[in-house]
Structures are given as C-alpha cells and as structure tokens.
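Asks: Take a look at this one; I'll ask things after.
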Amino acid sequence: LEQYETIRRLLAKELNVEPMPETTRLYERIRAARDLPFRHNLPPQPTLFIGRETALQELAGLLAGPARRLVTITGPGGAGKSRLALQAAAGLTGSFLHGVYLVPLAPLASAEHLPVAVGGALGFPFAGKDDPKQQLLRYLREKELLLVLDNCEHLSEVADFVNEVLHAAPQVKILATSRERLNLVEEWLFKVSGLDYPASATVQTWSDYSALRLFVESARRVQKGYDPA
C-alpha cells in the first residue's frame with residue numbers, strides 16, 4: 001500500500017498521470033483485504049495431518065484455475081474427505097479476497113436450510129422479510145471467496161443450490177465433499193481412497209507409508225515413546 005502511494009505521487013509529479021488501472025485495482029484489492037475483520041472460520045484440527053501431500057497440491061492447482069469453480073472430493077465414508085478438504089482450505093485462506101468458509105451440512109435436515117447455514121458461516125446478517133436465499137445470493141454477487149460445503153450427500157437438493165450460487169456469484173468457488181458427485185456441468189471430481197499401506201506384513205521403513213505413520217502417531221498419543229520397530 002505504501003509502495004502504491006509512492007508510485008502515485010511520483011507519476012503525478014513527474015508525468016502528471018495516474019497509475020495504470022490494473023495497478024489501482026490491485027491496490028484497492030489489497031486495501032479491502034486488510035480491512036476485513038476475519039477471513040475464515042476454519043476450526044483448528046485436533047491432530048496432525050498426515051499424508052496426501054500430492055492430493056493437497058493437486059487440489060490447490062484445481063482451485064487456482066479461473067474456470068474451475070466447483071471441485072467435489074468424492075470417496076467412501078471414512079476415506080478422509082472432510083479432513084482433506086479442511087487441510088486444503090487452510091492452505092488457501094490467503095488466496096481469496098473475502099476469505100474461506102466452512103459450512104457443515106451434516107446437521108441440516110433439508111436443503112431449504114442451506115441459505116441460512118451458509119449465511120451463518122459467513123456472518124451475514126439476514127434482514128427483513130425477503131427470501132433468505134435471494135438475500136444471500138445478492139450478498140455473494142460481489143464476493144471473492146471459497147465455500148467448503150462438507151457432507152453434501154444427504155441433501156438431495158444441494159446441487160440446485162450450488163448451481164444458483166455459481167451462476168449468481170461469478171467469483172465464488174466451492175469445494176464440496178460428498179460420497180456421490182453433484183452432477184453439475186461445472187463440477188471437477190477429485191476421488192480419494194484410504195491412505196497408502198504396505199503390501200506385505202514385513203516393512204523395513206514404516207515412515208514411507210501414510211497409513212503406518214498415522215498409526216504410529218495415534219499410538220504415541222496414548223503410549224509415549226512408542227516404537228513400531
């Protein structure tokens with residue numbers, strides 16, 4: 001911000017011109033980000049995240065593309081979809097001007113509660129008698145943020161809501177977790193399975209396998225100094 005002001009003064013003094021529009025837009029973006037009260041609502045994770053380094057890099061690359069606005073992490077229950085999504089989102093909190101926000105969908109009984117759940121995660125104050133969904137869509141229209149919609153599979157109409165958000169808010173991206181795909185044209189699938197483990201019972205270097213590293217980490221929480229060797 002200080003550099004922009006220095007450049008602006010020099011250009012005005014030496015050439016009697018203003019900075020390029022692209023430079024001014026960057027300045028305004030940085031200033032807006034500085035003034036935001038908070039930029040994510042991601043919870044702290046209780047344990048160390050182990051493995052899936054390549055998956056994190058691939059997810060970051062997918063969400064960085066301007067045309068890839070909906071990425072759905074799919075896989076069976078217990079495969080670690082939610083934890084992977086949270087870890088990926090945590091690494092992207094500085095990439096979205098208006099932040100990264102988790103919306104847990106498991107507590108919702110039906111999709112009609114989605115707008116209020118999303119608004120609550122964003123800290124958006126609904127007002128008046130207008131339809132909450134329309135209020136939310138108007139609010140999101142000018143926002144640049146990432147929504148993490150966790151556990152989509154049990155809400156049958158979640159795809160319709162996601163579709164409305166994507167069309168109403170061109171700078172909003174969505175990272176979803178679900179056992180099934182959402183079947184939207186914009187959707188990019190990212191399939192996950194369990195952590196890697198050795199094919200045989202005899203392992204020379206257990207640290208080469210994410211599943212064994214997770215096991216050892218869990219064992220050491222209850223037995224200090226546990227050594228698998």
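The values are calculated or read from the model by the stated rules, or taken from the named source; none is laboratory data. If you're wondering where the values come from, they're calculated on a predicted model, not measured in any experiment. In this analysis, Cβ positions are derived from the backbone assuming ideal geometry, glycine residues included, and neighbour counts consider all displayed protein chains. Surface areas here come from the heavy atoms of the whole protein model, side chains and all, with no ligands, DNA or RNA. Shrake-Rupley method; radii C 1.70, N 1.55, O 1.52, S 1.80 Å.
Asks: Using θ = phi - 60° and the Karplus form 6.51 cos²θ - 1.76 cosθ + 1.60, what ³J(HN,Hα) does each residue of region 53-59 get, whole Hz, x for Gly and Pro?
Replies: 4, 5, 4, 5, 5, 5, 5
Asks: Further question on the same structure: Report Rg (one decimal) and Dmax (nearest whole number) for region 42-84, counting Cα atoms only, units Å.
Replies: 11.9, 34
Asks: Right, another one. Which of rounded, prolate, oblate describes the chain, given a ≥ b ≥ c as roots of the alpha-carbon gyration tensor eigenvalues and a/c under 1.5 marking rounded, otherwise prolate only if a/b is larger than b/c?
Replies: Note, shape of the chain comes out oblate.
Asks: Do any trypsin sites (Lys or Arg not before Pro) in region 76-170 lie in a DSSP loop with no more than 11 other beta carbon atoms within 10 Å, and if so, which?
Replies: Numbers: sites: 81, 83, 129, 133, 138, 141, 143; in loops: 129, 141, 143.
Qualifying residues, ordered by number: 129.
Asks: Give me the percent of the accessible area of region 1-118 that comes from carbon and sulfur atoms, probe 1.4 Å, all protein chains in place. Walk me through the numbers before you get to the answer.
Replies: On the way: 3930 of 6840 Å².
Solvent-exposed carbon and sulfur of region 1-118 make up 57 percent of the total.
Asks: Which residue, 126, 49, 215, tops the fluctuation ranking in a GNM of the chain built on C-alpha contacts under 10 Å?
Replies: For the chain, modelled as a Gaussian network with Cα springs under 10 Å, the answer is 215.
Asks: Whole number in Å², please: accessible area per residue of the chain, 1.4 Å probe, ligands, DNA and RNA not counted.
Replies: Numbers: 13540 Å² over 229 residues.
That works out to 59 Å² for each residue.
Asks: What are the ³J(HN,Hα) couplings of region 3-18, residue after residue, when phi is run through the Karplus curve with 6.51, -1.76, 1.60 and θ = phi - 60°? Round to Hz, x for glycine and proline.
Replies: Result, rounded to whole Hz: 5, 4, 4, 5, 5, 4, 5, 5, 5, 5, 6, 8, 10, 6, 10, 9.
Asks: Starting at the first residue of region 139-152, write each ³J(HN,Hα) from the Karplus equation 6.51 cos²θ - 1.76 cosθ + 1.60 with θ = phi - 60°, in whole Hz, x for Gly and Pro.
Replies: Per-residue couplings from phi come out as 5, 6, 4, 9, 9, 10, 8, 10, 9, 9, 9, 9, 6, 7 Hz.
Asks: Moving on to the next point. Applying a 10 Å radius around every beta-carbon, put 163-170, 16-23 in order of their mean neighbour count, most first.
Replies: On the way: 163-170: 16.9, 16-23: 10.6.
Highest mean packing first, the order is 163-170, 16-23.
Asks: Between beta-carbons, use under 10 Å as the cut-off and find the net charge around residue 226, counting Lys and Arg +1, Asp and Glu -1.
Replies: Around residue 226, the surrounding residues sum to +1.
Asks: So, one more: What number, rounded to the nearest 500 deg cm²/dmol, is the helix-based mean residue ellipticity at 222 nm of the chain, given -39500 (n - 2.57) per DSSP H run of at least four residues and division by all its residues?
Replies: On the way: 8 runs with 92 residues, N = 229.
Calculated mean residue ellipticity at 222 nm is -12500 deg cm²/dmol.
Asks: Then there's this: For residue 97, list long-range residues whose amide hydrogen, built 1.01 Å from N in the peptide plane, is under 5 Å from its own amide hydrogen.
Replies: Residues meeting the criterion, in which the H sits 1.01 Å from N, do not exist here.
Asks: Place +1 on the Cβ of every Lys and Arg and -1 on the Cβ of every Asp and Glu in the chain, take the dipole about the Cα centre, and give the residue among 95, 78, 49 whose Cα lies farthest towards its positive end.
Replies: The Cα lying farthest towards the positive end belongs to 49.
Asks: Cross-chain or 8 or more residues apart, Cα under 22 Å: how many lysine pairs in the chain fit that? Count them up, please.
Replies: Lysine pair count for the chain: 6.
Asks: Tilt of helix 158-168 relative to the longest C-alpha principal axis of the chain, in degrees (0 to 90, nearest 10)?
Replies: Between the helix axis and the principal axis of the chain, the angle is about 30 degrees.
Asks: What dipole magnitude, in Debye to the nearest 20, does the chain give about its Cα centre under +1 on Lys/Arg Cβ and -1 on Asp/Glu Cβ?
Replies: Values: 26 positive and 26 negative charges, 86 e Å.
In debye, rounded to 20, the chain gives about 420.
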